[in-house]
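Here's the structure we're looking at; comments come further down.
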């Protein structure tokens with residue numbers, strides 16, 4: 001990759017606004033993605049994700065605010081083409097009656113590569129996505145998953161500093177989705193800044209380095225995936241505990257007395273149960289809570305993490321009013 005800017009800002013969006021007549025599609029969006037980083041952009045339909053990508057790729061201009069991609073203003077379309085790779089959600093711009101190799105050579109020339117450069121980069125990109133054996137087949141013979149990989153290959157032609165991936169896995173089988181995520185991770189490891197847009201919140205766990213949640217054109221959250229989980233609710237656990245002959249509501253009351261304001265204890269549904277819900281006050285470590293229970297003579301025999309899943313956190317953030 002040429003001009004790698006690992007750990008340096010590549011995608012810089014500041015107070016971006018975009019209006020379509022009376023519709024405010026983006027309302028003061030700001031985000032930064034560094035080289036080597038995979039930044040997930042989450043949001044329901046109508047959140048503004050596609051509008052943001054259209055601004056970043058230079059298709060539309062912002063109403064106000066500023067955008068830079070590797071130091072380039074997106075209005076400079078020629079320079080932008082060499083610095084950005086885009087994998088669209090639904091791509092119909094390939095020529096189905098010619099081969100994959102011929103398509104990539106054509107798009108390479110369109111992006112400013114020399115004839116020799118386009119030939120070399122097409123071969124490299126086809127190998128990177130595992131399509132070298134099908135390189136000379138016409139595209140109407142390709143499966144949907146193969147076309148997705150070819151779209152990714154086209155994004156690699158110029159070895160871009162920024163990679164924008166729009167809902168790339170939403171209609172792929174698990175293996176196809178895994179391949180696309182692997183390719184994306186390899187690009188980030190090589191120094192590209194990746195903006196990965198999706199509604200499938202479960203796929204960003206263990207994949208994205210950071211996340212922005214958009215709703216009604218506004219940023220609702222920016223931070224880590226762990227931070228997104230923590231944002232929705234206090235840390236919650238399911239404990240099993242005993243204290244002599246105490247059970248049920250009596251034991252729950254004893255636990256609450258021992259913990260005070262540090263946590264909220266939920267009594268079990270039945271009086272003979274030794275299982276309790278425990279929600280910690282923000283900033284209170286689980287170990288401190290267990291130590292406080294032990295000091296009160298209550299023995300914790302089991303503990304299970306019951307924090308909300310990513311989807312619950314996502315819904316909590318995006319269900320706010322859009323006014």
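Taking a cut-off of 24 Å, what percent of all Cα-Cα pairs in the range 178-304 are separated by more than that? Write out the running numbers ahead of the final one.
On the way: 3873 of 8001 pairs.
Beyond 24 Å sits 48 percent of the P(r) for the range 178-304.
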Which of 240, 270 has the fewest Cβ neighbours within 10 Å, and the rest in rising order: 270, 240
Gaussian network model of the chain, springs between alpha carbon atoms under 10 Å - residue of 161, 116, 179 with greatest fluctuation: 116
Exposure proxy ranking, count of Cβ atoms within 10 Å, fewest first, for 14, 215: 14, 215
Residues 284, 204 arranged by fewest to most Cβ contacts within 10 Å: 284, 204
Selected from 92, 101, 124 as most flexible by GNM, with the chain as the system and alpha-carbon contacts under 10 Å: 92
From the C-alpha gyration tensor of the range 234-306, square roots of 5λ in Å: 17, 13, 11
Length-normalised contact order for the chain - Cα pairs under 8 Å, 6+ apart - percent: 20
GNM top mover of 180, 98, 38 - the chain, alpha-carbon springs below 10 Å: 98
Mean-position separation - Cα centroids, the range 1-63 and the range 104-167, in angstrom: 24
Span per principal axis, largest first, for the Cα atoms of the chain (Å): 82, 46, 33
All-pairs Cα distance distribution in the range 71-188, expressed in whole percent, bin size 10 Å: 14, 48, 33, 5
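We did not get these values from a lab; they are worked out from the coordinates using the rules stated. Please read these numbers as outputs of a predicted model, since none were measured by experiment. All Cβ positions, even for glycine, are placed from backbone atoms using ideal geometry, and neighbour counts span all protein chains on display.
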